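Heads up: the structure comes next, in structure tokens.
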Amino acid sequence: MANVRLKNITKRFGSVTAVNNVCLDIPHGKVTALLGPSGCGKTTILLMLAGIYKPTEGEIYFDDLQVNGIPPQLRNVGLVFQSYALYPHMTAFENIAFPLKLKKLPKAEIQKGVEEIAEVVQIGDLLDRKPGQMSGGQQQRVALCRALVKKPDLLLLDEPLSNLDARLRLETRAEIKRIQQELGITTILVTHDQVEAVTMADQVAVLKAGVLQQYGTPKELLEQPANLFVASFLGDPPMNLLQGELEYQEGRCYFRSGRSLRLPVPPLAAKGLQKSPGQKLILGIRPEHLTITWERGRAPWRGKVFLVEFLGRDKLLDFRFGDQSLRVLVPATFPVERGEVLGIEPQVEHLHIFDPQTGLALTGPPEGLRACSDHEPA
């Protein structure tokens, strides 16, 4: 199978629209993440790909074959659920072999298939154990084997790591990525965890209330968010968002927020603006793109440290300007105390400007990075 294509997919449950006019081209052999908060429609899309749900409108293609009317058992899709859904009375071997037994394959072929996939996933020593004798991570690998043993064209992962502890999630993320790259299988991952999405996926589709907001590589989404939702949902710590307005002086364009925050808008960013004084805007900049300085004349902003959060290898400094806050990420070794007054210098090449009414970015992203629905993102 070369790729998966969703063309204007809509799914309604009565009066509720769970997925609204979504278009996606998912390339062969890559990992694509469906990312968004609970209720955004990502699992509904996954279940439509599996054939468990039928689209209300639109078409789904595997290569050039429309699969809307093809039942799940004929789609050659592997599905790993959040709960793993292993049979507790069966051994790992029997759980993995179950899809092959349904196909009524010879015993020797089943034995060979289970052993081969168990070797790839590195659980050969667990095949005689039942789920109750295994850890969460081991059960997750057995569930992955069961999905892979029938050599599916498409692997669907529905929040596969959410039941694991933090360290095991880290290890399992890397393991799933290794297996996917080794087998070269097209994989679609459903997750609400942005770290999981950007570390595991080659491209990410961000959803909100059933509408596709943006589709691109993790780098594109982080550096060139299409709207306020994408800008605030991706990034840890999240992007600073400051409300303000345009100001012009001596032919130059400035962003002003309250009395204390004033910043020249770079010429490249200013090109996307209507240049009407007093125009309301939201300026976004990530905490890692702000620099602390003690030189009074250098920094355009000065503020008192309201809070210092220790994050391990970093510290997060919280400055307050009226009812707005500004967070700056610095190394853990940076000497700073609560109450200190410091200069804050933004890296202007990393500024983002948004329309507060539509939420859309006014300074990008480039063509091709916006959502591909027929209407603008919500």
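Tabulated results
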| item | result |
| --- | --- |
| Test for Ala269: is it under 29 Å from Lys315 (Cβ atoms) and at pLDDT 85 or above | no |
| Single unsatisfied condition, Tyr53 versus (1) touching a Leu at 6+ places or on another chain (Cβ under 6 Å); (2) surrounded by fewer than 16 Cβ atoms within 10 Å (Cβ to Cβ); (3) not β-branched (Val, Ile, Thr) | (2) |
| Strands (runs of 3 or more DSSP E) contained entirely in segment 290-332, each with at least 1 residues that are more than 17 Å from Pro346 (Cβ to Cβ) and in the same structural domain as Leu241 (by TED's automatic domain parsing) | 301-310, 314-321, 324-331 |
| Residue in segment 130-139 that is buried (at least 22 other Cβ atoms within 10 Å of the Cβ) and in the same structural domain as Val67 (by TED's automatic domain parsing) present | yes |
| Subset of segment 1-36 that is under 26 Å from Lys151 (Cα atoms) and of a type in the set (Gly, Ala, Ser) - its residue that is modelled with the lowest pLDDT | Ala2 |
| Test result for Leu221, touching a helix residue (DSSP H, G or I) at 6+ places or on another chain (Cβ under 7 Å), closer than 30 Å to Pro264 by Cα and in a helix (DSSP H, G or I) | yes |
| Flag for Val230 being under 12 Å from the mean Cα position of the chain (by Cα), buried (at least 20 other Cβ atoms within 10 Å of the Cβ) and farther than 21 Å from Asp153 by Cα | yes |
| Among residues of segment 277-300, those that are modelled with pLDDT under 70 and touching a Leu at 6+ places or on another chain (Cβ under 9 Å), counted | 1 |
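The values are calculated or read from the model by the stated rules, or taken from the named source; none is laboratory data. Just so it is clear, the model here is predicted, and its values are computed rather than measured. Glycine gets a Cβ as well: all are built from the backbone with ideal geometry, and neighbour counts include every protein chain shown.
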